[in-house]
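The next block holds one structure in the form of structure tokens; read it before the comments.
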Amino acid sequence: MKTIHSVLFRVSAGCFKVVGCAILLSGCIEPWDGIPHFLHIEDIVFNPDVNQGEATSRIEEVWVYSETDVIGAFPLPADIPLNPTNLGESTTLTLSAGIRANAISSTRQPYPFYDVVEVPIFLEFGGRDTLDMTVGYTDWTEVVIAEDFETANRFEPANTSTADIVRTQSEQLVLSGTSSGLVVLDANHQTLISSTNEQQYNLRSNGPVWLELDYACTQPFWIGLYVKDAVNALRIPILALNSTEGERNKIYLDLDPVVRTTPDATHYEITLDAYYDGSADSTTVVVDNFKLLRYP
């Protein structure tokens, strides 16, 4: 068994056209006679550049393509069966890191901002290789660290809010680094309506536009966009995130539908809203590592 290291074969996802996104998991592989060659991938490590924020990710599967076809999408850890007869003794596989778009299982897809990995491989019946797979953001990705709470807090509550979002350095609450954003809701602090303050994010793009964030919560909260044009401003809630019972989670939120339908917008702000649900005497929302990503 050989171990293959991926870093020498990284190419940009921007140059790779995804085909067959409706194919889920490995059911698309046709059976054949003989023991397959297996490629094992335990996990996919995310390694961003220094100025691209924390190395948090939620990569759940690997999408595998041959030189001519879609082989399938495989949950991690993955043992990928390869047919030497169909693929040949020597071939190159193209691998993409898969995520859940908008935290929905049915919208799993390759993440458009992660590098695609090309792996030359020699196949034989009964063979086995292990790939140590590492990805970063593609060279064309613009990463804006919208908020990581390390030195400031760009979120500002509306006048109608009775709760606030504050920086916390509690070791029991911080998701990464030294600080995270914290919302505490109770009978006296029932409503938070907040947005980033005068950041004026430009989300215009010739390609995808996404928001990443880490969170842990004991009740639901909303993430959205505040859209401003020359005359009007519109607050658009996009997704309600359910309670994680305090466990850490990460979401990849596709902003493209909102951006494409607001062509007159001059800039955007990120919104975070929460309404006390009474499920406990007090509930919490912890957030961190807001990143806006686009292809300029």
Next on the checklist: Which residue is surrounded by the fewest Cβ atoms within 10 Å (Cβ to Cβ), if the candidates are limited to the stretch 218-227 and must be in contact with a Ser or Thr (Cβ under 8 Å, 6 or more places away or on another chain) and part of a strand (DSSP E or B)?
Outcome noted: Trp222
Checklist entry - Residues of the stretch 52-69 being more than 22 Å from Asn249 (Cα to Cα), touching a residue at least 24 places away in the same chain (Cβ under 8 Å) and of a type in the set (S, T, N, Q), which ones? => result Ser66
Checklist entry - Restricting the stretch 92-146 to residues that are outside any loop (DSSP other than H, G, I, E, B) and touching a Gly at 6+ places or on another chain (Cβ under 6 Å), which is nearest to Leu82 (Cα to Cα)? => result Pro110
Next on the checklist: For the stretch 152-173, which positions are in contact (Cβ under 8 Å) with a residue 24 or more places away in the chain and part of a loop (DSSP other than H, G, I, E, B)?
Outcome noted: Asn153, Arg154, Ala158, Thr160, Ser161, Thr162, Ala163, Asp164, Leu173
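Based on what the data block shows, is Gly72 under 27 Å from Leu211 (Cα atoms), over 15 Å from the mean Cα position of the chain (by Cα) and in contact (Cβ under 8 Å) with a residue 40 or more places away in the chain? First the steps, then the outcome.
Numbers: under 27 Å from Leu211 (Cα atoms): yes; over 15 Å from the mean Cα position of the chain (by Cα): yes; in contact (Cβ under 8 Å) with a residue 40 or more places away in the chain: yes.
For Gly72, the condition - under 27 Å from Leu211 (Cα atoms), over 15 Å from the mean Cα position of the chain (by Cα) and in contact (Cβ under 8 Å) with a residue 40 or more places away in the chain - is met.
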Checklist entry - Are any of the residues in the stretch 199-217 in a strand (DSSP E or B) and within 30 Å of His37 (Cβ to Cβ)? => result no
Checklist entry - Do any residues in the stretch 180-191 that are outside any strand (DSSP E or B) have Cβ atoms under 9 Å from those of residues that are polar (S, T, N, Q), where the two are at least six apart or on different chains, and which pairs are they? => result Ala187/Ser282; Asn188/Thr162; Gln190/Thr162
Checklist entry - Considering the stretch 119-158 alone, what residues qualify as being more than 30 Å from Tyr268 (Cβ to Cβ), surrounded by fewer than 17 Cβ atoms within 10 Å (Cβ to Cβ) and of a type in the set (Asp, Glu)? => result Glu124, Asp132
Checklist entry - Are any residues in the stretch 94-125 at pLDDT 95 or above and of a type in the set (Gly, Ala, Ser), and if so, which ones? => result Ser96, Ala97, Gly98, Ala101
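The values are calculated or read from the model by the stated rules, or taken from the named source; none is laboratory data. It should be emphasised that the depicted structure is a prediction, and the values quoted were computed from it without experimental measurement. Neighbour counts are summed over all protein chains in view; Cβ atoms, including those assigned to glycine, are modelled from backbone coordinates with ideal geometry.
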